[in-house]
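Enquirer: First the structure, which I've put down as C-alpha cells, then a few questions once you've had a look.
The values are calculated or read from the model by the stated rules, or taken from the named source; none is laboratory data. Fair warning: this is a prediction, and the values are worked out from it, not measured in the lab. Every residue, glycine among them, receives a Cβ derived from its backbone with ideal geometry; neighbour counts consider all protein chains shown. With ligands, DNA and RNA removed, areas are computed over all heavy atoms of the protein, side chains included. Shrake-Rupley method; radii C 1.70, N 1.55, O 1.52, S 1.80 Å.
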Amino acid sequence: VFGYNGQLPQIMRQAGITRFLTQKLSWNRFNKPHHHTFTWRGIDGSEVLTHFPPADTYNGDCSLRELLANVKNYKDHDRSRECYYLFGWGDGGGGPTKGMLEVLRRAANVQGLPRTTQRTAAEFFDRLERDTTDLPVLWGELYFEYHRGTYTSQAAVKRNNRRAEQLLHDIEFLSVAALAKRGHSYPADEINALWRVLLLNQFHDILPGSSIGQVYEDSARQFADLFAKGEKLLPTGSQLVNTTGFERAEVVEQAGKLQFVRASSFGPAAAAPAGDAVQFTQQGDRLTLANGQLQATFTTGGRLVSLTCAGREAIAGEANVPELYDDWPTNFDAWDVDPFHLETRQACAPAIRWELVRREPLRAELKFEFTIGQASRLTQVVRLDAGARRLEFRCEADWQESHKMLKLAFPVQVSAMNATYEMQFGHVERPTHYNTPYDLARYEVPFHKWFDLGEHGFGVALLNDCKYGGSTFDNVMRLSLLRSPDSPDPKCDRGRHEFAFALFPHAGNWRDAGVVAEAYRFNHPLRPGNLTGSFATVNTPNLVIDTIKRAEDSAALIVRLYECHGARGTARLQLASGFTKACRCNVLEDDGEQLVVTGNTVEFAYRPHELISLKLSR
C-alpha cells in the first residue's frame with residue numbers, strides 16, 4: 001500500500017482510469033523521482049498519465065514560500081506548463097482554512113508569483129494532457145524507498161488478510177459450482193458484505209500495521225466474524241475439492257488419518273497410489289528426511305545443511321538460521337526498517353531440542369525448538385510428504401522482544417544478478433546486489449506468495465502462507481517474520497503467532513518448474529465440497545485461472561485469468577457448466593469483444609502479463 005506495483009496501470013485502465021496522481025514517492029530516502037509528469041507503463045504495456053505534485057506535500061499551507069517552491073521544484077518545465085498543488089489540513093482531516101483560500105484569491109494574478117488557480121483534478125488533467133509534449137515513460141513498479149517495515153508489522157492482520165482472501169475466493173467458486181444443484185442459490189449479498197469487511201481492513205494504516213492498538217482489537221473481531229460467516233457460506237460436501245486451476249497430487253489428513261490423493265483443476269480429489277514413501281534416518285547429529293523428489297538433512301540444532309533435488313545440492317553452508325536484528329528506525333517506528341539494521345545481524349543459537357514427531361510412509365515430521373532473544377521462542381515442525389516437491393516448515397512463535405526484527409536466512413547454491421518476486425497478477429525482478437543507489441534502496445522488498453533465486457538449469461523458491469516482506473542479497477534469501485515497534489501500538493506483535501513457509505528447489509527456471517502453481521497449492525489446501533468432475537481447465541500452463549465468480553449485475557459467470565510468465569499466444573478455456581455466449585470484459589464487467597463458443601470451450605488470444613476477464617452466459 002506504500003509504493004505502486006507494476007500491474008496497477010492495467011488494473012486502472014480496465015476500471016476506466018487513465019490518470020494517476022500521488023505525492024508519496026517524493027519521500028524516497030535515496031533517489032528522488034526524476035520527473036513529476038510522465039507516462040507510467042505497466043508490465044503488460046498499459047499506460048496512465050501520472051503526476052507528482054512538486055511541492056512534495058499533501059498538506060500545503062498556501063504560503064507564498066510553498067507556492068514559489070511548487071513551481072521551482074517542477075522537473076518538467078520543458079514538457080509542460082501545468083503542475084498541481086495539494087493544500088489544506090489533509091493528514092487527519094480538516095481541509096482548507098479561510099486564510100488559505102484568501103491567499104489563493106490574492107495570489108491568482110500577482111507579478112512574481114506563479115499563476116495559481118483552483119481547479120478540479122479532472123480539469124487539471126485535461127489541461128495537462130493538452131499541454132504536455134514528449135513525455136518520458138517509466139516501466140514497472142514504482143518502488144517506495146520508505147516504510148519498508150509495513151511489509152511485516154502487525155503479523156496477525158496480514159495473516160487474517162491472506163486467509164480471508166483465500167476464503168472468499170473459495171466461497172465464490174464453490175457457490176458457482178453448487179448452482180447446478182437443486183436448492184442452491186448464489187449468496188451475492190452475503191459475499192459482498194464479507195468483501196467490504198476485508199477491503200476495510202486493507203485500508204492503508206490497518207493492513208500495513210501502522211495503526212493504534214485498538215484498531216487491531218477491532219480488526220481481529222471483524223476477521224473472526226468474517227471467518228465464522230464465511231465458513232457457513234461454503235457449500236457442504238463429503239469429498240475434498242481443489243479450488244485452484246492447477247492439478248495436484250499430495251498427502252491430506254482427515255481425522256488424523258493420512259491419504260494420498262490426486263485432483264484435477266477445480267475438481268474433486270480421489271485416492272491414488274503415492275508412488276514413493278518418506279524415510280527418516282539419523283547418523284550422529286545429522287537428521288535426514290527423504291522421498292523420491294527431495295532429500296533434506298538437518299543438524300540436531302535445526303540447521304538445514306543439505307537439500308538435494310534432481311541430484312543437485314541447493315544449500316550453501318547452513319540454512320534455516322533465525323537471525324535477530326536491532327530495529328530502531330529514526331522515525332515512523334511501525335512504518336520503517338532503516339538500512340543500518342542490516343549491520344546488527346546476529347544469528348540465533350541452534351535449537352535447544354529436537355524430536356521426531358511423525359514417521360509414516362506418507363509423512364515424516366521433525367520438531368525443533370529455538371530460544372530467540374531475551375524471552376521469545378520459535379517452534380518449527382519440518383514436514384516432508386510422499387511425492388512432495390517442497391519441504392514445509394509449520395511454525396509457532398511466542399514473540400516478546402522490543403525493537404527487534406526476526407528473519408530466517410537461507411543461503412543457496414545459486415548465483416544470479418536478480419531474484420524474482422511475486423506481485424499481484426505478475427512478478428517483478430529485483431537486484432541481489434548493491435551496485436547503485438537504486439539497488440541499495442531495495443534492501444527490504446514486498447512480495448506475495450513466493451520469491452525465487454535461479455540460475456540456468458536450477459533455482460530455489462521460498463513460498464509462504466502469510467508473510468509479505470523479505471530480501472535476497474548475494475545468494476542468501478531471507479524471509480522477514482516479525483517486528484516489535486513500540487509506536488503507535490506499544491504491544492505490536494507481542495504474543496503468539498502461527499505461519500508456514502516452504503522451500504521448493506527445482507530443476508530449470510521458475511517458469512518451467514511451476515513455482516506459481518506450487519505457491520497456489522501451498523496457500524489453498526483442499527476443501528470439503530461436492531464436485532463430479534473438473535469445473536474449469538485452461539490448456540496453457542502460463543495462464544492462471546485466478547477467480548471464478550458470479551457477475552455482479554447478472555446471472556453470467558465471470559472467469560478471471562492472468563498470464564504469469566510474460567508470453568503471448570492463444571488459449572482455450574473449457575468449463576463443465578454449459579454456456580452459449582462469451583465475451584471479454586473489463587474489471588467493471590462491461591462487455592467487450594465477443595468470442596466464439598464451441599461446445600463448452602471458448603478460445604481467446606492473450607499477451608504478456610495480461611489480466612483477462614471472460615463473461616460467460618447462456
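Enquirer: Using helices alone, what [θ] at 222 nm do you get for the chain, with -39,500 (n - 2.57) per DSSP H run of 4 or more residues, divided over all residues and rounded to the nearest 500?
Expert: Numbers: 10 runs with 112 residues, N = 618.
Taken over the chain, the calculation gives -5500 deg cm²/dmol.
Enquirer: Percentage of Cα-Cα pair distances in the chain greater than 48 Å, rounded to whole percent? Could the numbers behind the result be given before it?
Expert: On the way: 31203 of 190653 pairs.
Taking all Cα-Cα pairs of the chain, the fraction more than 48 Å apart is 16 percent.
Enquirer: Through the Karplus equation 6.51 cos²θ - 1.76 cosθ + 1.60, θ set to phi - 60°, convert the phi angles of segment 367-382 into ³J(HN,Hα) values in whole Hz; use x for Gly and Pro.
Expert: For segment 367-382, the Karplus-derived couplings read 10, 10, 10, 10, 9, 10, x, 7, 8, 10, 9, 9, 10, 10, 10, 8 Hz, x marking Gly and Pro.
Enquirer: Please report, in debye to the nearest 20, how large the charge dipole of segment 1-147 is about its Cα centre when each Lys and Arg carries +1 at its beta carbon and each Asp and Glu carries -1 there.
Expert: Values: 18 positive and 17 negative charges, 76 e Å.
My answer is approximately 360 debye.
Enquirer: Also: What's the center-to-center distance, using Cα atoms, between segment 215-260 and segment 338-406 in Å?
Expert: 24
Enquirer: Follow-up. If ligands, DNA and RNA are left out, what is the accessible area of residue 383 with a 1.4 Å probe, given in Å² to the nearest 10?
Expert: Roll a 1.4 Å probe over it and residue 383 shows about 50 Å².
Enquirer: Spelling out what I want: for every residue of segment 310-322, take phi, set θ = phi - 60°, compute 6.51 cos²θ - 1.76 cosθ + 1.60 (Karplus), and round to whole Hz; glycine and proline get x.
Expert: 6, x, 10, 7, 9, 9, 10, x, 10, 10, 6, 9, x
Enquirer: Below 8 Å, C-alpha to C-alpha, sequence gap of six or more: please give me the relative contact order for segment 1-82 in percent. Mind showing how you got there, number by number?
Expert: Values: 102 pairs, mean separation 24.4, N = 82.
Dividing the mean separation by the residue count of segment 1-82 yields 30 percent.
Enquirer: Toward the positive end of the charge dipole of the chain, about the Cα centre and with charges on Cβ (Lys, Arg +1; Asp, Glu -1), which of 40, 97, 233 goes farthest?
Expert: The Cα lying farthest towards the positive end belongs to 233.
Enquirer: May I ask which residue of 54, 450, 469 lies farthest towards the positive end of the charge dipole of the chain, with charges of +1 (Lys, Arg) and -1 (Asp, Glu) on Cβ and the Cα centre as origin?
Expert: 450
Enquirer: Something else now. Hey, if you put +1 on the Cβ of every Lys and Arg and -1 on every Asp and Glu Cβ in the chain, which of 214, 152, 362 ends up farthest toward the positive end of that dipole?
Expert: 362
Enquirer: A further question on this structure: Rounded to the nearest 10 degrees, what's the angle between the helix 121-131 long axis and the longest principal axis of the chain, both from Cα atoms, 0 to 90?
Expert: Approximately 80 degrees, to the nearest 10.
Enquirer: Another one. Tilt of helix 155-178 relative to the longest C-alpha principal axis of the chain, in degrees (0 to 90, nearest 10)?
Expert: For 155-178 against the chain, the angle is about 70 degrees.
Enquirer: Apply the a/c threshold of 1.5 to the C-alpha gyration tensor of segment 265-413 and tell me whether it is rounded, prolate or oblate.
Expert: Details: a/c = 2.13, a/b = 1.83, b/c = 1.16.
Here segment 265-413 falls in the prolate category.
Enquirer: When the Kirkwood radius is taken over all Cα pairs of segment 328-485, what Stokes-Einstein diffusion coefficient follows at 20 °C and 1.002 mPa s, in µm²/s?
Expert: Working: Rh = 17.3 Å.
The diffusion coefficient I find is 124 µm²/s.
Enquirer: Quick one: of 232/615; 229/367; 449/491; 232/404; 75/404, which pairs are farther than 29 Å apart, Cα to Cα?
Expert: Working: 232/615 27 Å; 229/367 34 Å; 449/491 27 Å; 232/404 40 Å; 75/404 40 Å.
Exceeds cut-off: 229/367; 232/404; 75/404.
Enquirer: Still on this structure, please answer the following. What do you get for the angle between helix 213-233 and the principal long axis of the chain? Use alpha-carbon atoms, 0 to 90 degrees, nearest ten.
Expert: The answer is roughly 60 degrees.
Enquirer: Averaging sequence separations of C-alpha pairs under 8 Å and six or more residues apart, then dividing by the length of the chain, give the relative contact order as a whole percent. All intermediate terms of the calculation are to be shown ahead of the outcome.
Expert: Values: 1460 pairs, mean separation 79.6, N = 618.
For the chain, the relative contact order is 13 percent.
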